Amino acid sequence: QVTLKESGPVLVKPTETLTLTCTVSGFSLTNARMGVSWIRQPPGKALEWLAHIFWNDEKSYTTSLKSRLTISKDSSKSQVVLTMTNMDPVDTATFYCVRILLNSAFDFWGQGTMVTVSS
Amino acid sequence: QSALTQVASVSGFPGQSITISCAGTSSDVGSYNLVSWYQQHPGKAPKVIIYEVSKRPSGVPDRFSGSKSGNTASLTISGLQAEDEAVYYCCSYASSGTYVFGTGTEVTVL
């Protein structure tokens, strides 16, 4: 079955860079029409799409955070990595790793990982 | 990329039908049939319940249905049940490979 699992620090300090890893199973990062997105959700707030990377290495980023985000994948390890620079307390959120189907929807979600930004 | 607009809360009695609207623009909802809806229970990850405007994934009850008219998408829950109490988010493709979510609607079963 398809699973996605996020890993990374629980706590980061302001101005630091956050690095999150998503390890997938049940599908390959080279499968046509499939990709992985990162979506975040601040406590008590709405979902926010951040970025995605597809099987063909096509990448997209949300406009407001584009300068701070980098997404990459290592298909041999079945991992997708998201980095977010210059972290701020307002970036405190649960970060979800999600499978996305091209021209369709986010169909499988990881359990999420809560990241707190505080000194 | 402004968030899609949803009413903050909707409530209904068991067995009733409710509709949640999702207002976008001609740059997102109005231009693409790539609207999806997600159900999120407290402390849980979201789950897709409608994709490509009106398609239902396997295992999602047929009391959930989706539609779109112009720049507004809608989710209807017919025959509301206690387990439908959750927060619902719409999402739309918004050009250049980007996506935008709605502000979320909390559904309460009275």
note = Within the range B:35-54, residues being within 12 Å of the chain's Cα centre (by Cα) and either more than 9 Å from chain A (Cβ to nearest Cβ) or not hydroxyl-bearing (Ser, Thr, Tyr) (or both) number 12
query = Is there any pair with a first residue in the range B:37-57 that is aromatic (Phe, Trp, Tyr) and a second that is part of a loop (DSSP other than H, G, I, E, B) whose Cβ atoms are under 7 Å apart and which are 6 or more apart or on different chains, and what are they?
reply = B:Tyr38/B:Pro46; B:Tyr51/A:Ser104; B:Tyr51/A:Ala105; B:Tyr51/B:Pro57
task = Considering every residue within the range A:43-56, establish whether at least one is at pLDDT below 95, of a type outside the set (Val, Ile, Thr), surrounded by 15 or more Cβ atoms within 10 Å (Cβ to Cβ) and within 22 Å of B:Leu4 (Cα to Cα).
result = no
message = I'm checking my understanding of the structure. Among residues of the range B:12-32 that are over 15 Å from B:Val100 (Cβ atoms) and within 15 Å of the chain's Cα centre (by Cα), which one is nearest to the other protein chains (Cβ to nearest Cβ)?
response = B:Ile20
inquiry  = Looking for something surrounded by fewer than 17 Cβ atoms within 10 Å (Cβ to Cβ) and touching a Leu at 6+ places or on another chain (Cβ under 6 Å) - is there at least one such residue anywhere in the range A:72-81?
reply    = yes
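Do we find that A:Ser37 is buried (at least 18 other Cβ atoms within 10 Å of the Cβ), at negative phi and small (Gly, Ala, Ser) in this structure? Show your work before the answer.
Details: buried (at least 18 other Cβ atoms within 10 Å of the Cβ): yes; at negative phi: yes; small (Gly, Ala, Ser): yes.
Judged against the criteria, A:Ser37 is a match.
The values are calculated or read from the model by the stated rules, or taken from the named source; none is laboratory data. Remember, predicted model here, so these are calculated numbers, not experimental data. Because the Cβ atoms are built from the backbone with ideal geometry, glycine has one as well, and the counts that use them run over all protein chains shown.
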